[in-house]
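Structure record follows, encoded as structure tokens.
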Amino acid sequence: TLPDGTEVRGDDEHVHWAIAQALARPEVTLAKEDIIPHFDELPLHIVTSAGVAWLRDLLPEVATDERRLRPNLVIDVAEAAGKPEDRWVGRELHIGSHLVLDVVQRAQRCVMVNLAQDELPDSPDVLRAIAENADLDLGVHARVLAPGRIRLGDEVFLA
């Protein structure tokens, strides 16, 4: 389903044209995923305020905020720099009174971080900086162990 609501099947002979037009990027085509890794492999992607600040510090000349990373959750942490979420892998993250997440792995970034997001322009420097400084990893992936509602300002702790 394209941004305008048009649906195009992957086996449609016009799929490449439709995707390229929708994204305004003539070089984009659809490829069968076989040897290409799939980065959105778990239900939740989480970044911290410190992780976003870390990226912003690497790229002071590039407009950067959490929208570049497209996370499900941004967790405000006391640390001002670095990537504290890297230390969460293998632990449980408790949010609010009921939600429990299993932090499974670091999130490997792809070219999507370079693409424009709202008023953030395209920049090939974003993925390059993450690759050179963090082996392509920024944020973590998690799965839900115990469901629950969360609200802005809920307490977050690691177990």
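The values are calculated or read from the model by the stated rules, or taken from the named source; none is laboratory data. Keep in mind that this is a model prediction, so the values were computed, not measured. Cβ coordinates were reconstructed from backbone atoms using ideal geometry, including for glycine residues, and neighbour counts include every protein chain displayed. Only protein heavy atoms, including side chains, enter the accessible area calculation; ligands, DNA and RNA are left aside. Shrake-Rupley method; radii C 1.70, N 1.55, O 1.52, S 1.80 Å.
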## Note on the structure
Subtracting the Cα-Cα distance of Leu42 and Glu61 from 0.36 nm times their residue separation yields 3.7 nm
### Message
Using a probe radius of 1.4 Å on heavy atoms only, what accessible surface per residue do you get for the chain? Whole Å² is fine.
### Response
62 Å²
### Summary
Sorted on mean Cβ neighbours within 10 Å (highest first), peptides 62-72, 113-123 come out as 62-72, 113-123
### Query
Put +1 on the Cβ of each Lys and Arg and -1 on the Cβ of each Asp and Glu in the chain; which of Cys110, His14, Leu138 then has its Cα farthest toward the positive end of the dipole?
Leu138
### Query
When the convex hull of the C-alpha atoms of segment 68-110 is computed, what volume per residue in Å³ does it have?
100 Å³
### Task
Using label points projected 7 Å from each Cα along Cα→Cβ, tell me how many nm separate Asp125 and Glu79, to one decimal.
2.5 nm
### Query
One-quarter of the Cα convex hull surface for segment 35-109, in nm²?
6.0 nm²
### Summary
Options [x] -0.26, -0.48; [y] -0.36, -0.62; [z] -0.30, -0.53 for log10 I(q)/I(0) by the Debye sum over Cα atoms at q = 0.09, 0.12 Å⁻¹; the value derived from the coordinates is listed as [y]
### Query
Between Val8 and Asp135, what is the label-to-label distance in nm when each label sits 7 Å out along the Cα-to-Cβ direction?
3.7 nm
### Query
Once the piece of chain linking Ala159 and Val89 is laid out straight, how much longer is it, given 0.36 nm per residue of separation minus the C-alpha distance between them?
24.1 nm
### Task
Return the percentage of antiparallel bridges among DSSP beta bridges fully within the chain, rounded to the nearest 5 %.
85 percent
### Task
Set the Förster distance to 35 Å, then compute FRET efficiency between Val111 and Arg143 from the Cβ-Cβ distance, nearest 0.05.
0.90
### Of all accessible heavy-atom area on the chain, the percent that carbon and sulfur account for (1.4 Å)
51 percent
